[in-house]
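Colleague: To start, I am sharing the structure in question, which I have written as structure tokens.
What follows is calculated from the coordinates using simple rules that are stated; it is not laboratory data. Quantities reported herein were computed from a predicted structural model and do not represent experimental measurements. All Cβ positions, even for glycine, are placed from backbone atoms using ideal geometry, and neighbour counts span all protein chains on display.
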Amino acid sequence: MTDDQERLAALLNDLPGHDDARFWRGLKQAAGIYRIRSSMSAAVEHAQDGDFAPLAALVLDVFNRDAQLKDITAALADHLGTTLRARAWITDAIATADRINRAGAAAPLEGLSEKW
């Protein structure tokens with residue numbers, strides 16, 4: 001496991017588990033997502049098999065929503081304790097998930113060369 005994969009797992013481990021339906025319903029409503037707990041379960045299974053891409057994609061899909069950021073932050077703050085901690089958690093989770101996605105992409109110089 002890479003450092004970013006380890007970090008993403010640790011961040012997500014700060015959240016309640018599958019059994020805390022109230023938290024996940026609140027987060028689902030705040031983010032405006034249809035299914036979150038089942039998507040999270042499937043993504044965790046993929047990560048256990050070494051494929052972190054679905055987990056990173058889920059984090060970006062749920063938390064990288066400017067229009068719902070205030071509601072998502074409030075949902076997380078109820079669990080994490082403060083709005084400031086929730087904002088920091090979201091920023092860290094998005095950055096880590098983005099790094100995981102970029103690690104699986106083509107080398108940046110190759111992509112740049114193809115463009116030019």
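Colleague: As I understand it, the value is the acute angle between the Cα axis of helix 69-80 and the longest principal axis of the Cα atoms of the chain; what does it come to in degrees, rounded to 10?
Modeller: 70
Colleague: Can you pull the three principal axis extents for the Cα set of the range 52-116, in Å, largest first?
Modeller: 46, 23, 16
Colleague: Taking the 0 to 90 degree range and rounding to the nearest ten, how far is the long axis of helix 83-103 tilted relative to the main principal axis of the chain, both from C-alpha atoms?
Modeller: With both axes taken from Cα atoms, the answer is about 30 degrees.
Colleague: What is the spread of the Cα atoms of the chain along each of their three principal axes, largest first, in whole Å?
Modeller: Largest to smallest, the principal-axis extents are 48, 30, 25 Å.
Colleague: Using 0.36 nm per residue, how much length does the chain from Ile94 to Asp71 gain when fully extended, once their Cα-Cα distance is taken away?
Modeller: Going from the current span to full extension adds 6.6 nm.
Colleague: Still on this structure, I have one more. Just want the answer: with Cβ charges of +1 for Lys and Arg and -1 for Asp and Glu, which residue in Ala103, Leu15, Ala47 is farthest toward the dipole's positive end in the chain?
Modeller: Of the candidates, Leu15 comes out farthest on the positive side.
Colleague: Something else about it: Give the angle, between 0 and 90 degrees and rounded to the nearest 10, that separates the Cα long axis of helix 3-13 from the longest principal axis of the Cα atoms of the chain.
Modeller: With both axes taken from Cα atoms, the answer is about 10 degrees.
Colleague: Now for a separate question. Dipole magnitude of the chain about its Cα centre, charges +1 at Lys/Arg Cβ and -1 at Asp/Glu Cβ only, in debye to the nearest 20?
Modeller: 500
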